[in-house]
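*Asks:* Below you'll find the structure I mean.
The numbers here are math on the coordinates, done by the rules we state, and not lab data. Only a predicted model underlies this, so the values are computations on that prediction, with no experimental measurement involved. Cβ placement follows ideal geometry from the backbone for every residue including glycine, while neighbour counts extend to all protein chains displayed.
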Amino acid sequence: MTYCVGLCLRDGLVLLADSRTSAGPDNIATFNKLHVAAPGDRVVALMTAGNLAITQAVVARVMEGLGIAPNEPFETLMTVRTMYDAAKLVGNAIRATFADNAPSMEAQSLVFDATVVLAGQIAGGKMQMYQVYSAGNFIEATVEQPYLQIGELKYGKPILDRVARYDTPLEDAVKLALISMDSTLRSNSSVGLPADMLVYRRDTMKVGARHRFEEDDVYFRGIREMWSEALRGAYRALPTPHWLVDENV
């Protein structure tokens, strides 16, 4: 399984994806799930969750054009004109991959599973973020809902629901994403480090920062320890229920 989270904010984007794949307790590996195209006139990033063979085929199709049939127009994330066109391209790539693989997967009783978070900005256009589903349809992040998650999302969602806002500064969004990832790592063994982060500042057309968080990353380890201690302090500071005091329990 996996966990990926993206925040589309007033000042830019923060994307974070784990890298663990698991086909059973004795078959665990590391694969990159954050893919970035930044040729100068755009920054477009993909985060993927689902069947690894399927998502790799989708990424190859939209990043390099691999797998595009001779009678299809050659379109990649490097050539599309808008982010909306990029979302349609990813949706079409998922549908094409389904058409190629669904019969053989069904024969093996395998489920077609691929979800993508697409985010970025193309020169002359808006910065946008989309979530593309296995059917190829998609939704867009909004001012009211400025973050999207895929994979094992339930553990890392509460902190985002409580704190993430459209005007959250990028520096704070980095911390939120890491706390959200840490909550997932602690509660689900199918999600694991390393985790890859991308930060993009609106209208710059260049990657602001990329970082891989390993197990021994000093900053991430500090965030994890400080957040755990803050939670312990917060619950200890909560008032005792009056009915417990009254009853001398």
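*Asks:* Between (1) 1.04; (2) 1.08; (3) 0.94, which entry matches Rg/Rh (Cα atoms, Kirkwood Rh) as derived from the coordinates of this structure?
*Replies:* Checked against the structure: label (1).
*Asks:* Taking a threshold of 24 Å on the Cα-Cα distance, which of the pairs Lys154/Lys206; Lys33/Lys154; Lys126/Lys154; Lys88/Lys175 fall above it?
*Replies:* Where the Cα-Cα span goes over 24 Å, the pairs concerned are Lys154/Lys206; Lys126/Lys154; Lys88/Lys175.
*Asks:* Let's test the formula: R0 of 35 Å, r as the Cβ-Cβ distance of Lys126 and Ser190. What FRET efficiency results, to the nearest 0.05?
*Replies:* Efficiency at R0 = 35 Å is approximately 0.50.
*Asks:* For Arg10 and Asn32 in the same chain, what is the full-extension length gain: residue separation times 0.36 nm, less their Cα-Cα distance, in nm?
*Replies:* That works out to 5.2 nm of additional length.
*Asks:* Follow-up question, since we're still on this one. Under 10 Å, Cα contacts only: if you run a Gaussian network model on the chain, which one of Glu215, Glu144, Glu72 comes out with the highest mean-square fluctuation?
*Replies:* Glu72
*Asks:* Around Pro194, what is the net charge, scoring Lys/Arg as +1 and Asp/Glu as -1 over all other residues with Cβ under 15 Å from its Cβ?
*Replies:* Counting the neighbours of Pro194, the net charge comes to -1.
*Asks:* In a GNM of the chain with a 10 Å cut-off on Cα contacts, which of Gln108, Gln145, Gln128 has the highest mean-square fluctuation?
*Replies:* Comparing Gln108, Gln145, Gln128 in the GNM, the peak value goes to Gln108.
*Asks:* Hey, another quick one. Measuring from label point to label point, each 7 Å out along Cα→Cβ, what is the Leu66 to Arg221 span in nm?
*Replies:* Distance between the two pseudo-spin positions: 3.6 nm.
*Asks:* Then there is this: What full-extension length gain, to one decimal in nm, is calculated for Thr79 and Ala230 as 0.36 nm per residue of separation minus the Cα-Cα distance?
*Replies:* 49.7 nm
*Asks:* Moving to a separate point now. Each label point is 7 Å from the Cα along the Cα-to-Cβ direction; what then is the distance between the points at Tyr133 and His242, in nm?
*Replies:* Between Tyr133 and His242, the simple spin-label model gives 4.7 nm.
*Asks:* Let me ask something else. Which helices count as membrane-span-like in the chain under these terms: full DSSP H, at least 20 Å along the axis by C-alpha, Kyte-Doolittle mean of -1.0 or more?
*Replies:* Once both thresholds are applied, what remains is 83-107, 170-187, 218-237.
*Asks:* Here is a follow-up. Could you tell me how far the Cα centroid of segment 91-111 sits from the Cα centroid of segment 128-147, in Å?
*Replies:* Between the Cα centre of segment 128-147 and that of segment 91-111, the gap is 22 Å.
*Asks:* Also, quick follow-up: Between Arg162 and Asp100, what is the label-point separation in nm under the 7 Å Cα-to-beta-carbon projection?
*Replies:* The two pseudo-label positions are separated by 4.4 nm.
*Asks:* Work through the residues other than Arg10 whose Cβ is under 10 Å from its Cβ and net out their charges, Lys, Arg +1 and Asp, Glu -1.
*Replies:* Around Arg10, the charge tally is 0.
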